[in-house]
Amino acid sequence: MPADRASQTIRRRRLAAELRRLRERVDLTGDQAAERLGWSGSKISRIETHRIGVKPADLKKLFDLYRVTPAHREELQALLRESATSSWLDSVTAGFPADYATYLYAEAEASAVWIWDPMIVPGLLQTDSYARALLAGYRAMFKLPPGDAERRVGIRQLRQNQLLTRDPPLTLSVVIDESVLYRRFGNNTVMHEQLLRIEEASALPNVNLRVLPLDGAHPIVTGAFSYLHFDPVHDVPLGNMVEVEHLTGAYYLDDEDQTFRYRETFDSLTAGSAGHDQSRRMVSVAARERWP
């Protein structure tokens, strides 16, 4: 995977999770490992929760203690080297809230993203005009500076260009409520162009669109969330992650039991939705008849 596909945060999270797995494999507690290495009791914990980075010399000591094979050492050392490299997101996320930047980096690292949204068109499918209209309400209510809104609009386009058409492209699966097609943000032209954009993007082979009909079965009532899947890098796995949105930001889940529930929820929402082709027709009808 190219270096600019991953953030320092995500790379470190991947390395930290693998170090924890290796420690547990040799049946050592964090305190036992720290004692054998002559470290403070909290150092292992801070490394494994990626609150601090791990120095190359300390990484070698961990390899020796955990009896890591030479081949796997090379893989983990590559991850450590990459954690110090820059990403195309570094400059554009400067000044953004930490939770928003975290999602952007995770999205760039992910191989597949599943998104459910009952209220709005997801960011990876938004036009500039729709995004501006959407952010206008936040600006008015929370007094956000105009420059912040424009930067968020700009980064949406950058994300779309970087992720949906890269090689290999991000696999994007989206389920939106039918009401999204009829909920106004901006004027008729903004809405018409936005629905045409959904049609265009959903024609890509790596984009799957589903619309949950208003008169269909609604398997569960839940707010918007994104489920992110990560392929192994240097043969080092990373658990899936869920972003759950709320009014003032977002929170993240990586516990396997919790993320599994969200994946099951997404599958249930997909099963209750119109198929991909029918969903695209629903978008087309709304564009022509509601937003001519």
How large is ³J(HN,Hα) for each residue in the range 152-159, as worked out from phi by the Karplus curve 6.51 cos²θ - 1.76 cosθ + 1.60 (θ = phi - 60°), to whole Hz, x for Gly and Pro? 5, 5, x, 6, 4, 5, 4, 4
So which aspartates and glutamates pass the test for Lys55, namely a Cα distance under 16 Å, with those fewer than 8 places away in the same chain ruled out? Glu18, Asp64, Glu74, Glu75, Glu82
Please give the residues of the range 32-67, grouped as numeric ranges, whose backbone N is less than 14 Å from a label point set 7 Å along the Cα-to-Cβ vector of Tyr252. 49-52
Burial ordering of Met191, Met141, Met119, fewest other beta-carbon atoms within 10 Å first: Met141, Met119, Met191
Percent antiparallel among DSSP beta bridges (both partners in the chain, rounded to 5): 55 percent
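Normalising by the residue count of the range 171-292, find the relative contact order in percent from Cα pairs under 8 Å and 6+ residues apart. Each step should come with its number before you reach the end.
Details: 154 pairs, mean separation 43.4, N = 122.
Result for the range 171-292 is 36 percent.
Calculate, for Ala140 and Glu289, the FRET efficiency according to 1/(1 + (r/R0)^6) with r their C-beta to C-beta distance and R0 30 Å; round to the nearest 0.05. Intermediate values should be presented prior to the final figure.
Numbers: r = 30 Å, r/R0 = 1.00.
Computed FRET efficiency for Ala140 and Glu289 comes out at 0.50.
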Hey, with R₀ at 41 Å, roughly what FRET efficiency would Lys61 and Ser179 work out to, going by the Cβ-Cβ distance, to 0.05? 0.15
Amide H within-cut-off set for Asp177, under 5 Å, with H built and near neighbours excluded: Asp117, Met119, Leu212
Span from the the range 168-238 Cα centroid across to the the range 36-97 one, whole angstrom: 35 Å
Quick one: which of 42-54, 174-186, 241-253 comes out on top by average Cβ neighbours within 10 Å, and what's the full order, highest first? 174-186, 42-54, 241-253
Counting only C-alpha contacts under 8 Å and six or more residues apart, can you give the relative contact order of the range 102-168 as a whole percent? 34 percent
Dipole axis of the range 3-82 (+1 Lys, Arg; -1 Asp, Glu on Cβ), positive-most option in Ala16, Trp39, Ile52: Ile52
From the Cα trace of the range 3-82, what convex hull volume per residue do you get, rounded to a whole Å³? 80 Å³
Per residue of the chain, what 222 nm ellipticity follows from adding -39500 (n - 2.57) for every DSSP H run with n ≥ 4, rounded to the nearest 500? -15500 deg cm²/dmol
Distant-in-sequence amide H partners of Asn206 (H built 1.01 Å from N, under 5 Å): none
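Using the Cβ atoms and a cut-off under 12 Å, what net charge is assigned to the surroundings of Ala287, where Lys and Arg are +1 and Asp and Glu are -1? Display every interim value, and only then the final one.
Numbers: positive: Arg197, Arg280, Arg281, Arg288, Arg290; negative: Glu193, Glu199, Glu200, Glu289.
Every neighbour counted, the sum reads +1.
Values quoted throughout were computed directly from the atomic coordinates according to the rules given, and no laboratory measurement underlies them. Because the structure is predicted, anything quoted here is derived from the model rather than measured. No Cβ is skipped: glycine too gets one built from the backbone with ideal geometry, and neighbour counts run over all protein chains shown.
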